[in-house]
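The next block holds one structure in the form of structure tokens; read it before the comments.
The values are calculated or read from the model by the stated rules, or taken from the named source; none is laboratory data. Everything numeric here is computed off the predicted structure, so don't read it as measured data. Don't worry about glycine lacking a Cβ; one is built from the backbone with ideal geometry, like all the others, and counts go over all protein chains shown. Ligands, DNA and RNA are excluded from the accessible area calculation, which covers all protein heavy atoms including side chains. Shrake-Rupley method; radii C 1.70, N 1.55, O 1.52, S 1.80 Å.
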Amino acid sequence: MENTMLKALAIAAISLCICSVWGAKVEGEQTTGVRVIPMRPTPEPDEVEVRFAFPYEGELKTGNPVIVQLRLEAFPLGFNSDFPRAREIRNSDEGQSLHIIVDGKHHFDINEAIDDVAENEEIDFDQIIQAKIPYRLSDGIHILRAFPVRSFGEALKGPKSFASTYFYYGKTEQKSSVDLDKPYLTYNCPEGEFERDQPVLLDFYLSNTQLSKDGYKVRLIIDGTDKRILTDWAPYYIYGLKKGSHSIKLELLDPSGKVLAPLFNDLQQTIVVK
């Protein structure tokens, strides 16, 4: 137990040191014993890109299951992410993956590409990802989102590391009811179960805007009452969560402090600390 506590304190000290050098801060610290520490994003190559190939944007699909196909460049799936962060926080044995989100449902992960790359592909992406949507779809519009994720859960944040599109199932609409060009958040983590002696990673993807002290912000709400304001788009470590269930909620605020309606009501998760 003593070694575990020393390890946690050492990681916290390193984190605090990094943040003091970096200059990122979290506003609205509460006296609950929970600390939220901004971290530097893990380095990522400029070449990483994800793009939906099928369904086509606005396409009408009439049969289940719907097949999703994507192109992915410069991000090998299924391999452990070889960064120090993989030893600081929860790390998946499944390796690096591609998160695919249908509407506001829980994401499903792809950890390997298919091998039969057609010779007549007109673009030079090095991987083709294909999957069946694992849900029966209702009639109307459906939104797809996808982004690559490190084995320890952190999403890549480059401008081409996130893809979104929409299609219709069963029937179309005269005008799309979802605007993918407006600012919106996509929740990434935390989710699932965590060990008490490790920091919990908080991470999200931000579309069509940036965060700043005078502009858009993200509000983090822990267990309904503990509220923090995040002004940097970065991964964060959460320390001090007690054993048991905890709710984690994110809200995107405009420069006036108004809460923007989420793309879907999927910006809240319940996690368990063991």
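Observations
- Residue-by-residue Karplus 3J(HN,Hα) for the stretch 193-198, coefficients 6.51, -1.76, 1.60, Hz, glycine and proline x: 10, 9, 7, 5, 8, 10
- In the chain, the DSSP-assigned H stretches of four residues or longer account for a calculated mean residue ellipticity at 222 nm of -2500 deg cm²/dmol, using -39500 (n - 2.57) per stretch and the full residue count as denominator.
- Cβ-based charge dipole, the chain, positive-most Cα from Gln69, Tyr166, Val259: Val259
- Long-range amide H partners of Ala53 with built H, under 5 Å: Gln69, Leu70, Arg71
- Applying the Karplus relation 6.51 cos²θ - 1.76 cosθ + 1.60 with θ = phi - 60° to the stretch 227-235 yields 3J(HN,Hα) values of 10, 10, 10, 9, 10, 10, 7, 7, x Hz, where x marks Gly and Pro.
- The residue among His99, Leu156, Ile221 whose Cα reaches farthest toward the positive pole of the charge dipole of the chain, with charges on the beta-carbon of Lys, Arg, Asp and Glu, is Ile221.
- Over the stretch 65-113, the hull volume per residue, using the convex hull of the C-alpha atoms, is 109 Å³.
- Surface analysis of the chain yields an accessible area of 51 Å² per residue, using protein heavy atoms and a 1.4 Å probe.
- Flagged links, alpha-carbon separation over 30 Å, of Lys25/Lys249; Lys182/Lys274; Lys182/Lys227: Lys182/Lys274
- Each Lys and Arg Cβ is given +1 and each Asp and Glu Cβ -1; about its Cα centre, the chain then shows a dipole of about 1360 debye.
- All C-alpha pair distances within the chain, sorted into 10 Å bins from zero, spread as 6, 27, 34, 22, 8, 1, 0 percent across the bins.
- Simple spin-label estimate for Gln210 and Thr172 in nanometres, 7 Å along Cα-Cβ: 3.8
- Inter-part distance where the stretch 135-168 and the stretch 39-89 are each reduced to a Cα centre, Å: 8
- Rounded to the nearest 20, the size of the Cβ-charge dipole of the stretch 127-254 about its Cα centre is 140 debye, with Lys and Arg at +1 and Asp and Glu at -1.
- Distance between the modelled labels on Ser138 and Glu27, one decimal in nanometres: 3.7 nm (7 Å Cα→Cβ projection).
- HN-Hα J in Hz across the stretch 214-225 - Karplus 6.51, -1.76, 1.60, θ = phi - 60°, x for Gly and Pro: 9, x, 5, 9, 10, 9, 9, 10, 9, 6, x, 10
- Chain lengthening between Asn265 and Glu94 when straightened (0.36 nm per residue, less Cα-Cα): 58.8 nm
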